[in-house]
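Input: a single structure, listed below in structure tokens.
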Amino acid sequence: MSQHLSLRQEQVLSLIAQGKTDKEIASLLGISTGTVNCHTKAILLRLKASSRAHAVAIRGLRLPSAFKSVTIGNAFKDVKR
């Protein structure tokens, strides 16, 4: 699969990189949390990423400063949703 993401997937990934929860992303984009989840799964598949944080790293986006002291592999491990 190519690494090309749709505009909506890019928007979702950008919001993930900002540390937004699925519920916050859904509210901001006017979609359901289920749709956010579908976009997230598609992003992970297209980028061949093992996690949300990995997808952010692949795209070269920056994680929120709160995550900087955490390794990328565990960046979302302790995030409460």
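The values are calculated or read from the model by the stated rules, or taken from the named source; none is laboratory data. These numbers were taken from a predicted model, which means no experiment stands behind them. All Cβ positions, glycine included, derive from the backbone under ideal geometry; neighbour counts span all protein chains shown.
Structure notes:
- Residue match in segment 24-41 (condition: at pLDDT below 95, out of contact with any helix residue (DSSP H, G or I) (no Cβ under 9 Å at 6 or more places or on another chain) and small (G, A, S)): no
- Tally of residues being modelled with pLDDT of 90 or more and surrounded by 14 or more Cβ atoms within 10 Å (Cβ to Cβ) across segment 42-73: 14
- Selection from segment 10-22 of residues that are of a type outside the set (G, A, S) and touching a helix residue (DSSP H, G or I) at 6+ places or on another chain (Cβ under 6 Å): V12, L13, L15, I16, D22
- Count of segment 1-44 residues which are touching a residue at least 40 places away in the same chain (Cβ under 8 Å), more than 12 Å from the chain's Cα centre (by Cα) and in a helix (DSSP H, G or I): 1
- Within segment 5-21, the set of residues being among the small types (G, A, S) and loosely packed, with under 15 Cβ neighbours inside 10 Å comprises S6, S14.
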